[in-house]
1. Inside the range 153-169, can you point out the residues that are surrounded by 12 or more Cβ atoms within 10 Å (Cβ to Cβ), not in a helix (DSSP H, G or I) and not aromatic (Phe, Trp, Tyr)?
2. Are any residues in the range 130-150 assigned to a loop (DSSP other than H, G, I, E, B), within 18 Å of the chain's Cα centre (by Cα) and either over 10 Å from His52 (Cβ atoms) or small (Gly, Ala, Ser) (or both), and if so, which ones?
3. Please count how many residues of the range 56-71 are in contact with a helix residue (DSSP H, G or I) (Cβ under 8 Å, 6 or more places away or on another chain) and farther than 23 Å from Arg43 by Cβ.
4. Go through the range 1-40 and count every residue that is farther than 30 Å from Cys120 by Cα and open to solvent by 80 Å² or more (accessible area, probe 1.4 Å).
5. Residues of the range 76-99 being open to solvent by 60 Å² or more (accessible area, probe 1.4 Å), under 13 Å from the mean Cα position of the chain (by Cα) and either on the phi > 0 side of the Ramachandran plot or free of Cβ contacts under 8 Å to residues at least 24 places away in the same chain (or both), which ones?
6. Give the residue that is nearest to Val75 (Cα to Cα), with candidates limited to residues of the range 20-30 that are touching a residue at least 12 places away in the same chain (Cβ under 8 Å) and part of a strand (DSSP E or B).
7. Taking Arg64 as meeting all but one of (1) within 17 Å of the chain's Cα centre (by Cα); (2) at pLDDT below 95; (3) open to solvent by 60 Å² or more (accessible area, probe 1.4 Å), write down the number of the exception.
8. Just to be sure, is Tyr50 touching a Ser or Thr at 6+ places or on another chain (Cβ under 9 Å), under 20 Å from Thr157 (Cα atoms) and among the aromatic types (Phe, Trp, Tyr)?
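The values are calculated or read from the model by the stated rules, or taken from the named source; none is laboratory data. These figures come from a predicted structure and were not determined experimentally. No Cβ is skipped: glycine too gets one built from the backbone with ideal geometry, and neighbour counts run over all protein chains shown. SASA here: full protein model, heavy atoms, side chains in, ligands and nucleic acids out. Shrake-Rupley method; radii C 1.70, N 1.55, O 1.52, S 1.80 Å.
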Amino acid sequence: MSSPGDELVPLYDESGRPSGEVVTRREMRARNLRHAATAVVVRNSVGDVYVHRRTDTKDVFPGRHDFAAGGVLQVGEAPYDAAVREAEEELGVTGVPLEPLGEADYADDHTSYHAFCFTCVYDGPITWQAEEVAWGAWVPVAELRAMVEREEFVPDTLALLWPLDRSSS
């Protein structure tokens, strides 16, 4: 069985498109190479957001809170398909359409990527992927605002998607 570090990852250029170069996930992380990733904000029908804490073994931002499921695009994978896969793998979210929120770029000392952002409404059971999620709960947006002030959240989700409801109080 191969390790996650052996997964092949397509690199992306500055215009947000595949460059044609493919490397292992391990090399992409070691050299902080620009790739593509998804982010899916999962909400329930009353508007709560599913917030989770990443496991301490994650390769980027271990142990931090997040309000988006997501991950790295694989070779030949369309962004929507990757988002569906990641939402299912991380949280068990299936059977609901994802709505695009747009594309953006993110880079810091740990990661550099072109983001494909989505949201969905899901009222089914949440099932964590044990390797990725250590804790999670449905959180009202007002409580999420307070959590963002007092807890450590992953900086990329904050940069790409925060605040969630700019027009609501």
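1. Of everything in the range 153-169, those that are surrounded by 12 or more Cβ atoms within 10 Å (Cβ to Cβ), not in a helix (DSSP H, G or I) and not aromatic (Phe, Trp, Tyr) turn out to be Val154, Pro163, Leu164, Asp165.
2. Across the range 130-150, the qualifying residues are Ala130, Glu131.
3. The total comes to 2.
4. So the count comes out to 6.
5. Glu88
6. Step by step, filter the range 20-30, then rank; the result is Val22.
7. If we test Arg64 against (1) within 17 Å of the chain's Cα centre (by Cα); (2) at pLDDT below 95; (3) open to solvent by 60 Å² or more (accessible area, probe 1.4 Å), just (2) comes out false.
8. No.
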